[in-house]
Amino acid sequence: MAGKAAGVEQVISIAGISALDSSSSLANAGVAYLILKDWSARGPGEDLRSLVVGLNQKLGAIPEARILVIPPPPIQGIGNAAGFAMQIELRDGNSDFGKLQAITAAMVSSAQTQSALQRVSSSFRSMVPQFDVEIDRVKTQTLHVTTDQVFSTLASYLGSTYVNQFNKFGRTFQVYAQAGSQFRLTPRDIEKLMVRNSQGDMIPLGTVANITPAVGPSLISLYNLYPSATIIGLPAQGFSSGQSMALMEEIAEKTLPPGTGYEWTAMSYQEKVVGGQIYFVFGLAMLLVYLVLAGQYESWYAPIAVILAVPLSLLGPMAVLTGLRIENNLYTQIGLILLIALSAKNAILIVEVALELHVRDRKPLLESAVEAARARFRPILMTSFAFILGVVPLVLATGAGASARKSIGITVFSGMIASTCLAVLFVPTFFVVIQGFENWLAERGRKTSNPQTIRQPGH
């Protein structure tokens, strides 16, 4: 079905691999990698998001299997799928996988009710039908069979064992030993398998082994040495990965009982470690601009009027991204850092002229600010709209990688419009307030250093 979907060029399927469990071997699991056609060969509705949504709807109707279509991870090699990945852990020292299954199911059920999350699921199962093979060690010694021989026989017949390799037709072939499928279908078939004892006699496994039905987890995974289960999911459209992770943490705090806990893994772990660094980067960028301007103006106060213009440019992206429900991703944050320089440029054009008029020409403070805004109005419009029109192709981007280009384009586009419209109005006001405060401090300093001498009568 996936191979016939529009936009899909090829499907590579691998049976017996659970991609959501660190690509572990699992008999009733499989993974299929969809190779999409080149963007030029795809039509409307054949982008990655549309394909994922459409295939999930179609494949979800298959009753014989649980099929989940998810995009690849943003960074190849970190995780096996996009979205978040959380590990639920048993930290009280027990291995009660039934309890782990119950709390994992409760987490998934609670997360599925949230509108900010989608495709939340877990591949962990603790009640998978199995067979327990119990070896009678007394009989093995009596029949001159070692337990190692019994286990090796089971592993070879039911699984497989590498034997050798040979060269033929210019290629190297590997040889594996395994029982035929018709000889390992039922527990009775396993009992008929033979193991050779130390005297060369063939002993049926049913003589030394007792096979009973049981249930248990199909895979046992440890995370930080704790028994764990994986929960994966995607943020809904209009929500960022950080918001989805914060919501999952809230659900975990309310749902997980004492003795259990959670950890982030794969891409979510990396995001949790470095996700908050954008605030430090933004702050350092602001500090750099401030120090450069302080050296240029030879004043610690004049650059503040320029720095105060930066929040004005952020009003545009805040309104547009919230209205269009665009997530605050990495490209959006790059655009916000770019706005620091772009919005500071407009403010510098006004503050520089205002300082020259006030300090050099000795004009009144208010008059200097108004004259600077009037003189720089035309250059601000010309440079700003030249840049705004230059990022229009990013806003209207299509094709592969369009989402990243749109994120940074919309951020810069809306931020520059807000900065252009508000800078001429507010930067002169900021300059008057900040420069007036600096003048007051300078005047107060002169009075303190040169106090007037008051003569007393009679002297």
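Rundown of residues vs (1) farther than 30 Å from Asp96 by Cβ; (2) of a type outside the set (S, T, N, Q), yes/no style:
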{"position": "Met127", "(1), (2)": "no, yes"}
{"position": "Phe131", "(1), (2)": "no, yes"}
{"position": "Lys139", "(1), (2)": "yes, yes"}
{"position": "Thr146", "(1), (2)": "yes, no"}
{"position": "Val150", "(1), (2)": "no, yes"}
{"position": "Leu154", "(1), (2)": "no, yes"}
{"position": "Lys168", "(1), (2)": "yes, yes"}
{"position": "Tyr176", "(1), (2)": "yes, yes"}
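Which members of segment 307-358 meet the condition of being free of Cβ contacts under 8 Å to residues at least 60 places away in the same chain, more than 34 Å from the chain's Cα centre (by Cα) and open to solvent by less than 30 Å² (accessible area, probe 1.4 Å)?
Result: Val353, Leu357.
Among Ser407, Ser414, which is open to solvent by less than 40 Å² (accessible area, probe 1.4 Å), of a type in the set (Ser, Thr, Tyr) and at pLDDT below 90? Spell out how you get there, then give the answer.
Values: Ser414 fails: at pLDDT below 90.
Answer to the selection: Ser407.
Residues Ala229, Ala252, Ala236: which one is closer than 18 Å to Ser22 by Cα and either of a type in the set (D, E, K, R) or in contact with a strand residue (DSSP E or B) (Cβ under 9 Å, 6 or more places away or on another chain) (or both)? Full working, then the answer.
Working: Ala252 fails: closer than 18 Å to Ser22 by Cα; Ala236 fails: closer than 18 Å to Ser22 by Cα.
Matching residue, one of Ala229, Ala252, Ala236: Ala229.
If I go through segment 220-239 residue by residue, how many of them are under 30 Å from Thr332 (Cα atoms) and either without any contact (Cβ under 8 Å) to a residue 24 or more places away in the chain or surrounded by 19 or more Cβ atoms within 10 Å (Cβ to Cβ) (or both)?
Number of matching residues: 7.
Which pairs do you get when a residue that is closer than 20 Å to Met194 by Cβ, found in segment 160-182, comes within reach of a residue that is aromatic (Phe, Trp, Tyr), reach meaning Cβ atoms under 8 angstrom, with the pair 6+ apart or on two chains?
Taking only residues 6 or more apart or on different chains, the pairs are Ser160/Tyr176; Thr161/Tyr176; Val163/Tyr176; Tyr176/Tyr162; Gln178/Tyr157; Ala179/Tyr157.
Do any strands (runs of 3 or more DSSP E) entirely within segment 96-194 hold 3 or more residues that are crowded, with 17+ Cβ neighbours inside 10 Å, and if so, which?
The strands (runs of 3 or more DSSP E) meeting that bar are 117-122.
Within segment 240-256, take every residue that is touching a helix residue (DSSP H, G or I) at 6+ places or on another chain (Cβ under 8 Å) and open to solvent by 40 Å² or more (accessible area, probe 1.4 Å) and give me the one that is nearest to Arg91 (Cα to Cα).
In this case the residue turns out to be Thr255.
Give the number of residues within segment 186-219 that are closer than 15 Å to Gln130 by Cβ and without any contact (Cβ under 8 Å) to a residue 24 or more places away in the chain.
Number satisfying all stated conditions: 1.
Might you check whether a residue that is closer than 15 Å to Leu336 by Cα and under 23 Å from the mean Cα position of the chain (by Cα) occurs anywhere in segment 382-389?
Within segment 382-389, not a single residue is closer than 15 Å to Leu336 by Cα and under 23 Å from the mean Cα position of the chain (by Cα).
Looking only at segment 270-302, count how many residues are in contact (Cβ under 8 Å) with a residue 24 or more places away in the chain, of a type outside the set (Gly, Ala, Ser) and in a helix (DSSP H, G or I). Reasoning before the result, please.
Within segment 270-302, the subset in contact (Cβ under 8 Å) with a residue 24 or more places away in the chain is 270-272, 275, 278, 281-282, 285-286, 289, 293, 297, 299, 301-302.
Retained after the next criterion (residues that are of a type outside the set (Gly, Ala, Ser)): 270-272, 278, 281-282, 286, 289, 293, 297, 301.
Of the ones still in play, those that are also in a helix (DSSP H, G or I) are 270-272, 278, 281-282, 286, 289, 293, 297.
Residues meeting the conditions: 10.
If a residue must be at pLDDT 85 or above and among the charged types (D, E, K, R), how many such residues does segment 1-37 contain?
Residues in segment 1-37 being at pLDDT 85 or above and among the charged types (D, E, K, R): 2 in total.
Matching residues to (1) of a type in the set (D, E, K, R); (2) within 30 Å of Trp39 (Cα to Cα); (3) open to solvent by 60 Å² or more (accessible area, probe 1.4 Å):
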{"position": "Pro364", "(1), (2), (3)": "no, no, yes"}
{"position": "Arg376", "(1), (2), (3)": "yes, no, yes"}
{"position": "Pro393", "(1), (2), (3)": "no, yes, yes"}
{"position": "Thr398", "(1), (2), (3)": "no, yes, yes"}
{"position": "Thr420", "(1), (2), (3)": "no, no, no"}
{"position": "Trp440", "(1), (2), (3)": "no, no, yes"}
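Starting from residues that are among the polar types (S, T, N, Q) and under 25 Å from the mean Cα position of the chain (by Cα), keep the ones in segment 1-58 and report whichever is farthest from Met267 (Cα to Cα). Let's see the steps before the verdict.
If we filter segment 1-58 for residues that are among the polar types (S, T, N, Q), which is where we start, we get 10, 13, 18, 22-25, 28, 40, 50, 56-57.
This time we only want the ones that are under 25 Å from the mean Cα position of the chain (by Cα), so: 18, 22-24, 50, 56-57.
Working: Ser18: 18, Ser22: 13, Ser23: 16, Ser24: 19, Ser50: 23, Asn56: 22, Gln57: 26 Å.
Step by step, filter segment 1-58, then rank; the result is Gln57.
Which one is modelled with the highest pLDDT, of the residues in segment 41-62 that are basic (Lys, Arg) and open to solvent by 60 Å² or more (accessible area, probe 1.4 Å)?
Within segment 41-62, the match that is modelled with the highest pLDDT is Lys58.
Which of (1) assigned to a helix (DSSP H, G or I); (2) surrounded by fewer than 19 Cβ atoms within 10 Å (Cβ to Cβ); (3) in contact with a strand residue (DSSP E or B) (Cβ under 9 Å, 6 or more places away or on another chain) does Ala65 not meet, given it meets every other one?
(1)
Looking only at segment 177-186, decide whether some residue is at pLDDT 90 or above and of a type in the set (Ser, Thr, Tyr).
No: zero hits.
Scan Val292, Val273 and give me the residue that is over 17 Å from Ser419 (Cα atoms), of a type in the set (A, V, I, L, M, F, W, C) and under 28 Å from the mean Cα position of the chain (by Cα).
Being over 17 Å from Ser419 (Cα atoms), of a type in the set (A, V, I, L, M, F, W, C) and under 28 Å from the mean Cα position of the chain (by Cα) holds for just one of Val292, Val273, which is Val273.
The values are calculated or read from the model by the stated rules, or taken from the named source; none is laboratory data. Predicted model only: the values in this text are computed from it and were never measured. Heads up, the Cβs are rebuilt from the backbone with ideal geometry, glycines too, and the neighbour counts pull from every protein chain shown. Surface areas here come from the heavy atoms of the whole protein model, side chains and all, with no ligands, DNA or RNA. Shrake-Rupley method; radii C 1.70, N 1.55, O 1.52, S 1.80 Å.
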